Amino acid sequence: MKRKIVICMGSSCFARGNEENLRVIEDFLKSNNLQADVLLSGRCCAGLCAEGPNLIIDETTYSHVSKEALIDILNREFLANK
Amino acid sequence: MNQGYPVFTADAECQDCFKCVRRCPVKAIKVEDGHASVMPELCIACGGCVEVCPVHAKKIRDDMTRARQLILGPDPVYVSLAPSWVSEFKGLPAKNMIASLKKLGFAGVGETAIGAQAVSDALALELKDFKSGLKISSACPVVDDFICKYMPEFAPCITKVLSPALTHAKILKKEFGENAKVVFIGPCIAKKNESDRHGDLISLAMLFSRLRQWFRSMQIDPWRVETTDADAFVPQTAREGTLYPIEGGMNDTIKLHPGCGHVKYVAVTGLDSLRLTLEGLHPRDVREPVFLETLACQGGCVHGPGTEHGAPGLMERLRILRMADVPETVSDREPEVALDLDYQETPAPGKDVSLHEIRQALLRVGKKDKEDELNCGGCGYNTCLNFAKALIAGKAEPNMCVSYMRKLAQKKSNAILRCIPAAVVIVDQSLTLIESNHRFAELCGESALDVWNVLPGMAGAALDTFISFSDLFREVLTTKEELSRDTIHVNGRLLSLYIFNIDPGQVVGAMMFDVTRTEFRREEIAAQAREVIRKNLATVQDIACKLGEHMADTEILLRSIAENYADSPGDDEFRKKYK
């Protein structure tokens, strides 16, 4: 079943780190050749700017996602079993 | 995917001053088109560059958000608290610190010193029958990297035991289950390297400075947090292990063990003193049993890069000693976890360069021969030779060489001053000459030329001894507005003057073109033009006058002819009738 990453591209999350986070996610998917298995999409602002930058993987919402935290999240979510 | 390297530069803020390069003990900073960047393969994460950067462009990776994510995760997260917390949070009771950390979401707080005690226990057993040679403590990750990369011949001497933090992580996992996560909080950046390399033991490492920020963001004031009896260190409170973060502390903990008295204990802190201690030594020359406790930070971890350096060194040390509960002796005990870890030599990459390459590199910064090699250290390297090697390795750029850049600037300005077809003079606030060119001396006459011959550029001379209009200079200095005059009469000469700002209000320069000749020529031309006009006018008047006279004369003649030939009145009718 294809997994989903939704990254908030609202201006607040974008400026607070999601711009770079997007690149990190793309690099991650590319280097672990997961591009086919994961649907990466953006979304407009959902009003959670205070907890930004926001990110949703499948059902779980992650907030205050710094670049470093994102790397842990991606490793845990996608490479945990390997 | 790996985390970024713990120390990095925010390019936008780097102001290209090379202070970090000067401070770096292993020159692990590359300068590329004016920006310094840390080279992970050479760096030992001592934090020197972070502390010294005047604009705080050297940043430390922020692992706090990772800790927050970890806490939100399913597994319990424990803190391995470095013993230097005592000197960092001055006078804060332990239970306040524990309660505050629990309020952040940590399941429990343990003392890294517990791991330190296990390390000392293991070392004591090892040192009992240690006859001769050199053993170097492996407690400090910066020292481990420094020796493995830059003094690899001493790598075998590093005691093959885990660091206190890694040992403590093992103890916590043994106590609270393998899925328990451990976060190290301490004064040390290199612990981030350690947690990156041993992610199975320590999930991440955070600095005290970052912990303060976290407390503030959660409105937790450790001094006023309410505590309960349950706020105690887990699994138990450490005793002599808390001495580790001060110079000689580790040695003291080992000496408490019986049977280690024969060992010579040496304590060295600071990489420079460590270099001094080891450089030129060969391990087999050490016949006595020597145990070298060494920490990269001067005075020990209490002075680490992640601390506030708020107190004088001795006070930091005293706080540790006051809080330490050191038993008389420590009976031998087998550490509860396996501690072995090997420290492989990993010599820093760097290809050897030929003399020719070095000479070429030195030429790029104008160093032709031995005398040019000033070894001034301005670039951050203590010798021009090392700088040349850095140039070859692509770690440095010619504009880092202060003497070269100054000479280059001087050469440029000298060439311009010499060739410009104008008199140039540069003066400071007090209208004293800083520099001038030969034409300026020529302009000012004989006395100036004599001065020039004695003192080229006439630096230091007063401007008004040479020219009369120095008040214009003062005007430019005060108004900071540049000024130009087309023609100024100066002892029989005509000058076109332009005074400009070099450093507004401080240093001004002036260019003076001697336009007397051109001016003279211009006047001459003007005069000749007027002359031509006058001449034209004169000839025209002449012609007109002659014409008039001629006209008058001929008119008289013609009139007389006409009258002689005038017909009687009838002739006209006759000619008309028969035309």
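The values are calculated or read from the model by the stated rules, or taken from the named source; none is laboratory data. What you see is a predicted model; the values in this text were computed from it and never measured. Here Cβ is always computed from backbone atoms with ideal geometry, including for glycine, and neighbour counts include all displayed protein chains.
Among the listed residues B:Ile98, B:Ile114, identify the single one that is of a type in the set (A, V, I, L, M, F, W, C), touching a strand residue (DSSP E or B) at 6+ places or on another chain (Cβ under 8 Å) and away from chain A (no Cβ under 14 Å).
Matching residue, one of B:Ile98, B:Ile114: B:Ile98.
If B:Phe18 satisfies every condition in (1) in contact (Cβ under 8 Å) with a residue 60 or more places away in the chain; (2) within 14 Å of chain A (Cβ to nearest Cβ) but one, which is the exception?
(2)
What about A:Glu20, is it assigned to a helix (DSSP H, G or I), in contact (Cβ under 8 Å) with a residue 40 or more places away in the chain, within 14 Å of the chain's Cα centre (by Cα) and within 12 Å of chain B (Cβ to nearest Cβ)?
Yes; evaluated as a whole, the condition is true for this residue.
Taking the options B:Ile499, B:Ile467, B:Ile525, name whichever one is crowded, with 18+ Cβ neighbours inside 10 Å, out of contact with any strand residue (DSSP E or B) (no Cβ under 6 Å at 6 or more places or on another chain) and not polar (S, T, N, Q).
B:Ile467
Among the residues of the stretch A:63-82 satisfying the criterion of being without any contact (Cβ under 8 Å) to a residue 12 or more places away in the chain and either in a strand (DSSP E or B) or of a type in the set (A, V, I, L, M, F, W, C) (or both), which is farthest from the other protein chains (Cβ to nearest Cβ)?
Looking at residues that are without any contact (Cβ under 8 Å) to a residue 12 or more places away in the chain and either in a strand (DSSP E or B) or of a type in the set (A, V, I, L, M, F, W, C) (or both), I get A:Ala80.
Taking the criterion of being loosely packed, with under 15 Cβ neighbours inside 10 Å and free of Cβ contacts under 8 Å to residues at least 40 places away in the same chain, would at least one residue in the stretch B:332-339 satisfy it?
No, the stretch B:332-339 contains no residue that is loosely packed, with under 15 Cβ neighbours inside 10 Å and free of Cβ contacts under 8 Å to residues at least 40 places away in the same chain.
Output the residues belonging to the stretch A:28-62 that are surrounded by 11 or more Cβ atoms within 10 Å (Cβ to Cβ), within 14 Å of chain B (Cβ to nearest Cβ), closer than 15 Å to B:Met1 by Cβ and without any contact (Cβ under 8 Å) to a residue 12 or more places away in the chain.
The one that is surrounded by 11 or more Cβ atoms within 10 Å (Cβ to Cβ), within 14 Å of chain B (Cβ to nearest Cβ), closer than 15 Å to B:Met1 by Cβ and without any contact (Cβ under 8 Å) to a residue 12 or more places away in the chain: A:Leu29.
Only residues that are over 21 Å from A:Pro53 (Cα atoms) and either touching a Cys at 6+ places or on another chain (Cβ under 7 Å) or within 14 Å of chain A (Cβ to nearest Cβ) (or both): list them for the stretch B:55-64, please.
B:Ala57, B:Lys58
Residue by residue through the stretch B:304-321, note down the ones that are without any contact (Cβ under 8 Å) to a residue 60 or more places away in the chain and not hydrophobic (A, V, I, L, M, F, W, C).
Passing the criteria: B:His309, B:Pro312, B:Gly313.
Out of B:Ala415, B:Ala396, I need the residue that is at negative phi and either part of a helix (DSSP H, G or I) or without any contact (Cβ under 8 Å) to a residue 40 or more places away in the chain (or both). Which one?
B:Ala415
Would you pick out the residues in the stretch B:65-94 that are within 14 Å of chain A (Cβ to nearest Cβ), touching a strand residue (DSSP E or B) at 6+ places or on another chain (Cβ under 6 Å) and closer than 16 Å to B:Phe215 by Cα?
Hits for the stretch B:65-94 are B:Arg66, B:Ala67, B:Ile71.
For the stretch B:74-101, which residues satisfy the criterion of being surrounded by fewer than 19 Cβ atoms within 10 Å (Cβ to Cβ) and within 24 Å of B:Gly177 (Cβ to Cβ)?
Answer for the stretch B:74-101, where residues must be surrounded by fewer than 19 Cβ atoms within 10 Å (Cβ to Cβ) and within 24 Å of B:Gly177 (Cβ to Cβ): B:Pro74, B:Asp75, B:Pro76.
Tell me which residues, restricted to the stretch B:478-506, are modelled with pLDDT of 90 or more and β-branched (Val, Ile, Thr).
Once the filter is applied, which keeps residues that are modelled with pLDDT of 90 or more and β-branched (Val, Ile, Thr), the stretch B:478-506 yields B:Thr478, B:Thr479, B:Ile499, B:Ile502.
Of all residues being within 14 Å of another protein chain (Cβ to nearest Cβ) and in a loop (DSSP other than H, G, I, E, B) in the stretch B:1-15, which is nearest to A:Leu29 (Cα to Cα)? Just the residue, please.
B:Met1
Residues B:Lys181, B:Lys170, B:Lys191: which one is touching a Phe, Trp or Tyr at 6+ places or on another chain (Cβ under 9 Å) and either farther than 28 Å from B:Cys24 by Cα or small (Gly, Ala, Ser) (or both)?
None of the other options fit; the residue is B:Lys181.
Looking only at the stretch B:107-115, decide whether some residue is polar (S, T, N, Q) and at pLDDT below 95.
The answer is no; no qualifying residue exists.
How many of the residues in the stretch B:73-96 are of a type in the set (A, V, I, L, M, F, W, C) and either farther than 21 Å from B:Val234 by Cβ or touching a Leu at 6+ places or on another chain (Cβ under 7 Å) (or both)?
2
B:Ala232 fails exactly one of the following numbered conditions: (1) in contact (Cβ under 8 Å) with a residue 60 or more places away in the chain; (2) crowded, with 19+ Cβ neighbours inside 10 Å; (3) within 27 Å of B:Asp121 (Cβ to Cβ). What is the number of that condition?
Among (1) in contact (Cβ under 8 Å) with a residue 60 or more places away in the chain; (2) crowded, with 19+ Cβ neighbours inside 10 Å; (3) within 27 Å of B:Asp121 (Cβ to Cβ), B:Ala232 violates only (2).
Counting just the residues of the stretch B:131-176 that are β-branched (Val, Ile, Thr) and outside any loop (DSSP other than H, G, I, E, B), which one comes out surrounded by the fewest Cβ atoms within 10 Å (Cβ to Cβ)?
B:Ile171
Given the criteria more than 9 Å from chain B (Cβ to nearest Cβ), crowded, with 18+ Cβ neighbours inside 10 Å and either in contact (Cβ under 8 Å) with a residue 24 or more places away in the chain or within 17 Å of B:Gly4 (Cα to Cα) (or both), does A:Cys8 qualify?
So A:Cys8 passes the test.
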